[in-house]
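Inspection log for the structure reproduced underneath, given as structure tokens.
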Amino acid sequence: MQLFKVDVTALEPPEPMTVILTSLAQLTTKQCLLISHRRQPYPLYEKLLQTGWKYHCIVHDDNNISLYIYRLNDHDDFQCHLENNSFT
């Protein structure tokens, strides 16, 4: 699974959601977006689930999260890569 990184930590709302959605539109099968963010984007989560995406969030501290977003069909591949720490 190929990993693409996006850092939205310096952006003010609504820019992070715009950047994330624009980046997702460019992803194909077997690709995953890793987002560095200051907080969990709860409004985004509902949009993702409604449109065939899955996500996995890791909270590092109050102002630092890593958010992985990938296609629902790629869930098994994502889990395998996450468990093996083998993103390319």
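Bear in mind these aren't lab numbers, they're just calculated from the coordinates by the rules spelled out. Because the structure is predicted, anything quoted here is derived from the model rather than measured. Glycine gets a Cβ as well: all are built from the backbone with ideal geometry, and neighbour counts include every protein chain shown.
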Quick check, is LEU34 under 10 Å from the mean Cα position of the chain (by Cα) and surrounded by 18 or more Cβ atoms within 10 Å (Cβ to Cβ)?
no
What are the residues in segment 48-72 that are surrounded by 13 or more Cβ atoms within 10 Å (Cβ to Cβ) and over 16 Å from VAL6 (Cβ atoms), if any?
LYS54, ARG71
Hey, VAL19 loosely packed, with under 13 Cβ neighbours inside 10 Å and hydrophobic (A, V, I, L, M, F, W, C) or not:
no
